[in-house]
Structure formats: C-alpha cells, structure tokens
Amino acid sequence: MLGVGIIGCGGISNGHARGWNANSERAKVVAVADVVDSAAQTRAAQVGGAQVYADYHELLQNPSVDAVDICLPHHLHKEAAVAAANAKKHVLIEKPLCLDMDEAKEIEAAVNASGITLMCAHNQVFTESVQEIKPRIEDGLLGDIYWIHSADCFLSRPFIRTGSAALSSHGPGTWRSKRELMGGGELIDTGYHPTYRLLYLAGAEAMTVSAVLTNHRLPQLDGEDTAQVLVAFANGSSGFILSSWAMNLPSGYSIHVVGDRGTISAGPGRIEMMLNGMERPAVKELQVPDTFAREIEHFIGCLENGETPVQSLADGIATLRLIRGAYQSVAEQRVVSLDTV
Ligand SMILES: NC(=O)c1ccc[n+]([C@@H]2O[C@H](COP(=O)([O-])OP(=O)(O)OC[C@H]3O[C@@H](n4cnc5c(N)ncnc54)[C@H](O)[C@@H]3O)[C@@H](O)[C@H]2O)c1
C-alpha cells in the first residue's frame, strides 16, 4: 500500500483526494499539509483521516509517506519538489512544473540525484478524447499529421456570477493575480493543458514559438487572460494553442488534428473522424471520466512497476519551455527558437 502526503489542500486537491480515494486498494493518503488548518482538516476528513501538518517539511519526515502530491500555488512548486526529492519521496506535481527554466534545472538535478519518480499531473492526457486520438495518430490512420489545434477556454465563472472580481479565484490580491507568484497569466495556468496536449499528440520536437497574449476581461491580473500560441515542429507540422478565461467555447476544451488522410475533432464527450473519401464524419460519444482518478492510477502503477510515467519530468520541462518561449516571444516581439529558452 502506497502512503501518500498531499501538500497544499486548496481547490484542486479536492479532485486529487477524490482520485486517491478511487484508488484506495493500492494507495492511502496518510498525511496532508496546508498553512491554513481548516483546509488541511477538510482534506484529511475527505480521505478518511490523515495526519495534519502546517509545515510540509515535517510531512516529508513522516516514514509512512512514500509519495507526495504537490497541489501548491505555482511559486512554491520548485521548493516543494526539491525538498520531496531530497527526502526520497516520489512526486506527483500539479502543473506548471515550476516558474521558469532555472527552477526546472534545480528540480531535474534533485530528481536525478535521488532517483525518485516524478510525474507531472497533466490530467487532460487522461481524457477520453486524447486517449482515443493518440493511438489513431500512431497507427497512421490520419496519415502524416501537419496541423494540430489545441484549445481550452472558459469565462472565469465567479467573475461572471458575482459581477465583480472580488470572489474570483482570479481576483485581486490572489496569487493568480500576481505575475511573480503565478509565473505569468492564463497561459501558465489553464493554458498549460492545451500546451502539453499539443506536445503529446504532435509527438515531435517543438522548434519555434510565437504568441499573442491579451487581457480582455480580468484587469486585476498582472498577466494575460487570453493566449494564442503558434508552434513549428521539427517534422514540418505546426500547432496552434488557444486558451482563455475570457470566452466560452461550445465544448470547453477542443482538439483538431489534420493529416493528409483525414481529420479528427474532439472535445469532452464527443469525437468526430473524417477520413478522405468519407461523405460525413464518423461520430462517437465519449464518456467523461474522472481524469484525476486515472492519472493517479497511472502514477501508482508506475511506482509499483518501476515504469516511467506517460507525462514525466521531461514532458513537464518541454511544456514549460514552450510556455516560457511564448512569453519571451511577446516580450521580444519576435519568433523565438526554443533551443535558446
Ligand atoms: N489540473 C487542473 O485542472 C488544475 C485546476 C486548478 C488548479 N490546478 C493547479 O493546482 C495548483 C493549486 O491550485 P489551486 O487552485 O488548488 O490553488 P488554491 O489557492 O485553491 O490552493 C493552494 C493551497 O495551498 C496552500 N498553501 C499555500 N502556501 C502553502 C505552504 N507554504 N505550505 C502548505 N500549503 C500552502 C493554500 O493555503 C491553499 O490551500 C496550481 O499549481 C494550479 O495550477 C490544476
């Protein structure tokens, strides 16, 4: 039985705790840490009881903890990941891996030195649509892929409901509103999902990036609320990322893959495939699974079998590099070569 410590007991740790509970035959959350006691107590109760810590460094001393699940604000990821690796605890870490490439190097050094397994909690790789699309690409059904569109957009809901930013998790004074704590704006937060999805589906090295970052609806953010990112891959294909907290798209997130033998479009709950010569697309309704339960099941399996996670440290670094490159392209008003990031 894997002993788990959750570090950071805010919003997303609710989904993670649900995911650990769904895998209770193979893992148990034995410890939780948060600087806000009520948040830690709530999460401890959700997992059926766990030791509560205010300081996660003390949690890392607990011998019953084999792995930690880091659900902290972005600026705390690097320190927690390095401390966990140094304490020889395996790591599941929420996106983004950390704030910048210097921090990523520190995490990489600590992970390599300790030999622990680090998995990036890129939960949308476990959506039904991505799981359906990836093998079709690899089997060559669509032929040579030359364009992928990956989007994730929603209207920041608390902002709409209250008519003011005061109650929004993107509101003034929150860590998400501050560039130095967030590492940027929407792109390094929700925009991380369509970015790792693009890289996973493209299966090719990203060479250059350029971006347009704008803020339409959330002036309380230092950073953007909308990101458009153009990527060129080494194999000649290209990708486009659209991500926003300022607009609703019909399906929330969506993926379009175009190859010389056909196209696939997908969102939550539905996939459409149109091969060359077909008169109308083949449509399949999809389940909407609990992606946190799936990613946690995969993480547990990797630890049990000594396997490398489908979204490893290398995938986290590649995603962060693309995002940092996008920010650099806006700062420098040019197309950025990713080998310089
Ligand atoms: N996968 C997804 O769909 C998804 C969705 C939302 C958030 N996230 C990610 O999850 C992470 C957390 O986001 P959130 O929305 O849960 O944020 P949040 O602000 O709701 O929760 C963060 C928690 O960390 C606690 N905390 C702060 N400093 C601490 C410290 N030093 N030690 C221990 N606890 C500390 C806070 O008290 C809070 O409870 C971020 O990396 C975010 O990008 C992922």
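Judged by the mean number of other Cβ atoms found within 10 Å, the most tightly packed of the peptides 288-294, 17-23 leads the ranking 17-23, 288-294. Each 10 Å bin from zero holds the following percent of Cα-Cα pairs in segment 265-324: 18, 25, 32, 22, 3. Going toward the positive end of the dipole of segment 2-116, with +1 on Lys and Arg Cβ and -1 on Asp and Glu Cβ, which of 92, 8, 48 do you reach last? Value: 48. Sequentially through segment 271-283, phi angles give Karplus couplings (6.51, -1.76, 1.60; θ = phi - 60°) of 9, 10, 10, 10, 8, 3, x, 6, 7, 9, x, 7, 10 Hz, Gly and Pro residues having no value and appearing as x. Take the alpha carbon atoms of segment 274-304, find their center, do the same for segment 18-66, and report the distance between the two centers in whole angstrom. Taking the Cα centre of segment 18-66 as reference, the centre of segment 274-304 is 29 Å away. The fraction of all Cα pairs in segment 2-116 landing in successive 10 Å bins from 0 to the largest distance is 16, 50, 30, 4, given as whole percents.
Once the Cα atoms are used to define both axes, helix 37-46 deviates from the longest principal axis of the chain by about 80 degrees. Quick check: the angle from helix 128-138's long axis to the longest principal axis of the chain, C-alpha only, nearest 10 degrees? For 128-138 against the chain, the angle is about 60 degrees. Annotation: amide H of residue 262 within the under-5 Å range of 276, sequence separation 5 or more or interchain, hydrogens built in the peptide plane. Phi-derived couplings, Karplus 6.51 cos²θ - 1.76 cosθ + 1.60 at θ = phi - 60°, listed residue by residue for segment 189-200: 10, 4, x, 4, 5, x, 6, 5, 5, 4, 5, 5 Hz, with x used for Gly and Pro. When peptides 84-97, 223-236, 298-311 are sorted by average Cβ neighbour count within 10 Å, with the highest value leading, the order is 84-97, 223-236, 298-311.
With the simple spin-label model, which puts each label point 7 Å out from Cα in the Cβ direction, the residue 131 to residue 45 separation comes to 3.2 nm.
Placing unit charges on the Cβ atoms only, positive for Lys and Arg and negative for Asp and Glu, gives segment 2-116 a dipole magnitude near 420 debye about its Cα centre.
Computed over segment 2-116, relative contact order equals 25 percent, with contacts defined as Cα pairs under 8 Å that lie 6+ residues apart. Between residue 154 and residue 222, the simple label model (points 7 Å from Cα in the Cβ direction) yields a spacing of 2.5 nm. Annotation: amide H-H contacts under 5 Å for residue 147 (H modelled 1.01 Å from N, sequence separation of 5 or more, or interchain): 238, 258.
Length available on full extension from residue 288 to residue 26: 0.36 nm per residue minus the Cα-Cα distance, which gives 92.0 nm. Phi angles across segment 210-220 convert, under the Karplus curve 6.51 cos²θ - 1.76 cosθ + 1.60 with θ = phi - 60°, into 3J(HN,Hα) values of 9, 9, 10, 10, 9, 10, 10, 10, 10, x, 6 Hz, Gly and Pro given as x. Residue ranges 204-217, 141-154 sort as 141-154, 204-217 when ordered by packing (mean number of other C-beta atoms within 10 Å per residue, highest first).
Whole angstrom only: what separates the Cα centroid of segment 188-265 from the Cα centroid of segment 72-129? Using only Cα atoms to place each centre, the spacing works out to 22 Å.
Read-outs throughout are calculated quantities, based only on the coordinates presented, and are distinct from any laboratory measurement. Please read all numbers here as calculations on a predicted model, not as lab measurements. Every residue, glycine among them, receives a Cβ derived from its backbone with ideal geometry; neighbour counts consider all protein chains shown.
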